[in-house]
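To keep things clear, I will list the structure first and then write my remarks on it.
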Amino acid sequence: MSKKPFVFKQFNVNQDQCAMKIGTDSVLLGAWTSIENNPFSVLDIGAGTGVLSLMLAQRCFAELIDAIEIDDNTYEQCVDNFEQSTWGDRLFCYHASLEAFVEEIEDKYDLIISNPPFYSEDFKTENTQRDLARFTDAMSFEHLIDSVSKLLSEDGIFSVIIPFKEEVAFIEIASNYHLSPNKILRVKGNPNSEIKRSLLEFSFHKSDINVNELIIETERHKYTADYINLTKDFYLKM
């Protein structure tokens with residue numbers, strides 16, 4: 001397993017102790033998530049390496065960026081990644097389940113972000129840690145949305161990335177908790193591939209939904225201008 005950190009422009013992320021490595025999903029979500037409401041407090045649910053928290057620390061002036069991570073090794077690595085960054089004084093990781101966190105915390109957050117585990121297919125590998133990170137039985141969408149509705153401030157936003165095929169169901173569950181989609185970004189690998197991911201932004205306020213599509217590559221390693229513009233503040237080679 002590689003010990004080399006994933007090097008971004010303004011921070012490094014060690015990930016050798018984490019089941020889920022840094023991928024395009026996290027970077028897209030961290031770069032796309034709106035900070036227009038100048039959040040004072042941010043919560044990263046299922047932090048993994050801590051990459052989303054670190055990206056938001058780079059992008060905004062939130063004084064409080066909390067993360068939750070349940071896996072022991074991943075939690076320790078996340079804390080380490082926070083401490084090694086320039087923003088260590090604003091970043092804090094809780095070693096807890098989402099359920100325990102909701103019961104304990106009375107604060108509300110202006111921005112909640114999550115790249116949740118999603119593979120509802122009945123397929124398990126031999127790696128329990130990776131399974132925990134990847135499968136919805138570790139944290140169902142219903143449990144996630146219910147928790148977000150309790151932790152989100154009245155004018156706050158919730159930003160999430162899910163498989164495109166789950167988009168309709170996810171929005172329907174969210175509506176049961178008075179959360180409405182405001183922005184949607186649907187992601188395709190290349191112009192001819194199917195839509196693979198949906199990035200969704202919710203709030204307690206209904207509005208016209210701003211829907212866009214993002215294509216990552218025109219061909220292998222030839223990135224689109226949209227993708228470069230979105231990620232260039234983070235990736236070294238953009």
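With a 1.4 Å probe and all protein chains left in place, how much of the accessible area of the chain comes from carbon and sulfur atoms, in whole percent?
On the way: 5920 of 12200 Å².
With neighbouring chains kept in place, the figure for the chain is 49 percent.
Think of a 1.4 Å ball rolled over the protein heavy atoms: the range 24-107 then has 44 Å² of accessible area per residue. Computed over neighbours whose Cβ is under 14 Å from that of H205, the net charge equals -4, Lys and Arg +1, Asp and Glu -1. Placing unit charges on each Cβ (+1 for Lys and Arg, -1 for Asp and Glu) gives the chain a dipole about its Cα centre, and among S97, T86, V148 the Cα reaching farthest toward its positive end belongs to T86. Of all segments of the chain bounded by chymotrypsin sites (Phe, Trp or Tyr not before Pro) found in a DSSP loop with no more than 10 other C-beta atoms within 10 Å, the longest spans 124-238. Between N192, N12, N182, the residue with the greatest mean-square fluctuation in the GNM of the chain (Cα pairs under 10 Å linked by springs) is N192. Only Lys, Arg, Asp and Glu carry charge here, each on its Cβ (+1 for the first two, -1 for the last two); on that basis the chain has a dipole of about 1240 debye about its Cα centre. Exceedance of the 31 Å cut-off in Cα-Cα distance is limited, within the set K21/K183; K21/K232; K108/K188, to K108/K188.
Among the GluC sites (Glu not before Pro) in the range 145-238, those located in a DSSP loop and surrounded by at most 15 other Cβ atoms within 10 Å of their own Cβ are E194.
As a test, work out the antiparallel percent of DSSP beta bridges whose residues both lie in the range 158-238, rounded to the nearest 5.
About 75 percent, rounded to the nearest 5.
The helix-only estimate of mean residue ellipticity at 222 nm for the chain, built from DSSP H runs of length n ≥ 4 each weighted as -39500 (n - 2.57), is -8500 deg cm²/dmol after division by the residue total.
Counting pairs of alpha carbon atoms under 8 Å apart in space and at least six apart in sequence, what relative contact order in percent does the chain give? Before the final figure, lay out each step's value.
On the way: 461 pairs, mean separation 40.4, N = 238.
The value is 17 percent.
The spacing between the range 87-106 and the range 197-222, judged by their C-alpha centroids, is 28 Å. Loop sites by DSSP among the trypsin sites (Lys or Arg not before Pro) of the chain, restricted to those with at most 12 other Cβ atoms within 10 angstrom, leave 10-205 as the longest stretch without any of them.
Answer with one residue from F234, Y109, I157: the one whose Cα lies farthest towards the positive end of the charge dipole of the chain, charges on Cβ with Lys, Arg +1 and Asp, Glu -1. The residue sitting farthest along the positive end of the dipole is F234.
Looking at the range 154-238, the accessible area is 57 square angstrom per residue; that uses a 1.4 Å probe and ignores ligands, DNA and RNA.
The values are calculated or read from the model by the stated rules, or taken from the named source; none is laboratory data. Since the structure is predicted, the reported quantities are computational estimates derived from the model, not experimental observations. Please note: Cβ atoms are built from the backbone with ideal geometry, for glycine as well, and neighbour counts cover all protein chains shown. Side chains included, ligands, DNA and RNA excluded: accessible areas come from the protein's heavy atoms. Shrake-Rupley method; radii C 1.70, N 1.55, O 1.52, S 1.80 Å.
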